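The values are calculated or read from the model by the stated rules, or taken from the named source; none is laboratory data. A quick note: this is a predicted structure, and the numbers were derived from the prediction, not measured. Please note: Cβ atoms are built from the backbone with ideal geometry, for glycine as well, and neighbour counts cover all protein chains shown. The area values use the complete protein model at the heavy-atom level, side chains included, leaving out ligands, DNA and RNA. Shrake-Rupley method; radii C 1.70, N 1.55, O 1.52, S 1.80 Å.
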Amino acid sequence: MLLSNSFIPILKNNPSEAKIKSHQLMLRVGMIKQASAGIYSWLPLGFKVMKKIEDIVRQEQNKIGAQEILMPTIQSSEIWKESGRYDDYGEEMLRITDRQNREMLYGPTNEEQVTEIFRSSIKSYKSLPQLLYHIQWKFRDEIRPRFGIMRGREFYMKDAYSFDVSDEEAFYSYNKFFLSYLRTFKKLSLTAIPMAADTGPIGGNLSHEFIILADTGESKIFTDKRIFELDSDDTQLEKGSLESMRKKYEQFYAVTDEKFNKEEFEKIVSKENQLITKGIEVGHIFYFGDKYSKPMGASVDLPGGKKDFVKMGSYGIGVSRLVGAIIEAKYDDKNEIMKWPLSVAPYDIALIPMINKNDASALDKANNINKELLKNNIDAIIDDTDENFSSKIKKMNLIGAPHQIIIGKKSEGDLLEFKVTGEETQNLPLSKIIEIITKQKNSI
Ligand code: 5CA
């Protein structure tokens with residue numbers, strides 16, 4: 001892709017209204033454009049990153065056997081009256097009246113809608129478990145939308161719902177999502193820690209927030225540092241393995257401020273292991289039993305002929321918020337260098353030809369390199385503008401492709417001036433560069 005043909009409206013300076021680095025960078029490189037308070041259009045660069053995040057989220061949901069559906073953004077108030085949440089949800093819910101004077105709403109979440117779908121078709125325990133998810137826009141009329149897409153009013157969320165015959169089976173489903181979340185965030189190059197959390201308007205008594213550390217995060221967290229050393233790499237998808245994986249995490253104190261108890265924290269966690277800091281909530285999972293299935297009459301026939309209400313959980317990931325969260329974790333704002341993880345990078349590599357007015361050879365060389373890269377499924381952006389060297393580098397450092405080739409004096413013959421963005425230059429032949437990037441892509 002040629003930069004001159006791209007819709008990447010870059011600003012010279014940080015916009016003054018942006019207070020945190022993700023918001024600054026997203027406006028600065030034209031990833032988003034505000035439409036109104038807390039509502040944004042996604043421009044090509046931002047949209048590309050968000051779609052890649054969405055794909056990773058989707059792959060990991062599919063791997064645990066969850067099935068994708070798509071529910072509408074607009075819901076009828078009827079089902080919310082059935083569950084009893086229509087009044088409880090308060091002013092965060094955007095309420096709309098249609099031309100027949102029917103009360104509708106823009107969905108802030110989908111527990112009711114999915115329960116309605118479930119109850120109309122599933123009648124027997126034999127069809128359980130069911131794990132359903134969708135990736136859809138949500139609207140919450142947040143009182144203080146801020147930090148760009150981090151706390152938006154309209155935002156993109158993956159929400160999944162599990163239906164099981166018993167508490168035991170429901171915990172099994174819960175643990176599958178727990179694992180899939182650890183895997184998803186790892187693929188995004190993030191360390192997200194599961195923390196015991198409050199359930200708020202979703203309800204229930206078992207819940208974990210997945211939090212990444214960031215000074216600008218809105219969640220205050222209290223944790224035992226050792227939890228950061230854990231991984232879930234050897235976890236299998238069967239009950240016992242999942243149970244011990246969750247136990248492994250739960251043995252360490254890790255809570256958000258609603259669950260914090262100073263006495264308990266100081267008693268359980270030794271001084272040198274205590275960590276009190278801030279983080280960004282990128283996912284949140286809930287178990288709430290029959291909170292919705294009971295008032296909405298979602299029951300199944302049991303083996304002995306009896307009926308019971310299904311046991312449900314719900315599982316959210318903030319897909320649009322993750323774009324900002326990755327920037328918070330990866331952007332070096334002092335040096336103005338962004339390096340996207342390759343798994344979600346808008347481009348795999350930036351080609352930066354130093355173009356002289358009377359000599360197009362560097363651009364020709366860039367175009368030829370691009371042909372080879374394309375053959376190898378490597379997605380490049382070429383800065384074909386005639387700006388000076390330092391402003392080209394500045395721009396590309398902000399766009400954040402994780403690799404760069406600078407085609408100037410130091411790229412002579414077969415050897416090219418190659419950089420892992422933000423690191424030292426290496427002189428390598430194109431074949432080696434292709435090998436390095438392909439290897440990294442294959443390991444995602
Ligand atoms: N129904 C449940 C689980 S599907 C639910 O709605 N959970 S939630 O309220 O915790 O939202 C899930 C995730 O969406 C959060 O972890 C967060 O990452 C993201 N999110 C929530 N509110 C916003 C917002 N205003 N702007 C951006 N992302 C948000």
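Numbers at a glance
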| item | result |
| --- | --- |
| Of all residues in segment 285-328 being closer than 29 Å to Phe185 by Cα and of a type in the set (S, T, N, Q), the one that is nearest to the ligand (Cβ to nearest atom) | Ser314 |
| Strands (runs of 3 or more DSSP E) contained entirely in segment 319-408, each with at least 1 residues that are within 30 Å of Ala160 (Cα to Cα) and modelled with pLDDT under 95 | none |
| Residues (open to solvent by less than 30 Å² (accessible area, probe 1.4 Å), near the ligand (Cβ under 8 Å from one of its atoms) and either under 20 Å from Ser36 (Cα atoms) or not in a helix (DSSP H, G or I) (or both)) located in segment 101-141 | Pro108, Thr109, Asn110, Lys138 |
| Among residues of segment 2-27, those that are crowded, with 16+ Cβ neighbours inside 10 Å and either over 24 Å from Ile355 (Cβ atoms) or at pLDDT below 95 (or both), counted | 9 |
| Gln59 under 30 Å from Glu238 (Cβ atoms) and either open to solvent by 10 Å² or more (accessible area, probe 1.4 Å) or within 16 Å of the ligand (Cβ to nearest atom) (or both) | yes |
| Filtered residues of segment 387-444 (kept if of a type in the set (S, T, N, Q) and free of Cβ contacts under 8 Å to residues at least 12 places away in the same chain) | Asn388, Ser390, Ser391, Gln426, Ser431, Asn442, Ser443 |
| Lone qualifier among Ser431, Ser443 - being closer than 20 Å to Lys52 by Cβ and open to solvent by 50 Å² or more (accessible area, probe 1.4 Å) | Ser443 |
| Residue within segment 94-103 that is more than 26 Å from Asp164 (Cβ to Cβ) and in contact (Cβ under 8 Å) with a residue 40 or more places away in the chain present | yes |
| Among (1) in contact with a Ser or Thr (Cβ under 9 Å, 6 or more places away or on another chain); (2) among the acidic types (Asp, Glu); (3) open to solvent by 50 Å² or more (accessible area, probe 1.4 Å) - the single one Glu328 does not satisfy | (3) |
| Residue that is least open to solvent (accessible area, probe 1.4 Å), among those in segment 146-163 that are in contact with a strand residue (DSSP E or B) (Cβ under 8 Å, 6 or more places away or on another chain) and among the basic types (Lys, Arg) | Lys158 |
| Yes/no for Met50 being modelled with pLDDT of 95 or more and either more than 19 Å from the chain's Cα centre (by Cα) or open to solvent by less than 50 Å² (accessible area, probe 1.4 Å) (or both) | yes |
| Output for segment 232-250, where each listed residue is open to solvent by 70 Å² or more (accessible area, probe 1.4 Å) and either at positive phi or of a type in the set (D, E, K, R) (or both) | Asp233, Asp234, Glu238, Glu243, Lys247, Glu250 |
| Matching strands (runs of 3 or more DSSP E) fully within segment 147-239 where at least 2 residues are more than 25 Å from Val269 (Cβ to Cβ) | 154-164 |
| Scan of segment 214-241 for residues that are in contact (Cβ under 8 Å) with a residue 60 or more places away in the chain and among the hydrophobic types (A, V, I, L, M, F, W, C), ordered by number | Ala214, Leu237 |
| So Ile227, is it β-branched (Val, Ile, Thr), in the same structural domain as Trp80 (by TED's automatic domain parsing), at pLDDT 95 or above and surrounded by fewer than 19 Cβ atoms within 10 Å (Cβ to Cβ) | no |
| Lone unmet requirement of (1) open to solvent by 10 Å² or more (accessible area, probe 1.4 Å); (2) closer than 23 Å to Tyr181 by Cβ for Tyr292 | (1) |
| Meets criteria (near the ligand (Cβ under 9 Å from one of its atoms) and charged (D, E, K, R)) for Glu154 | yes |
| Set Asn358, Asn273: member being more than 16 Å from the ligand (Cβ to nearest atom) and closer than 26 Å to Gln251 by Cα | Asn273 |
| Residue in segment 176-196 that is at positive phi, more than 15 Å from the chain's Cα centre (by Cα) and either within 13 Å of the ligand (Cβ to nearest atom) or among the basic types (Lys, Arg) (or both) present | no |
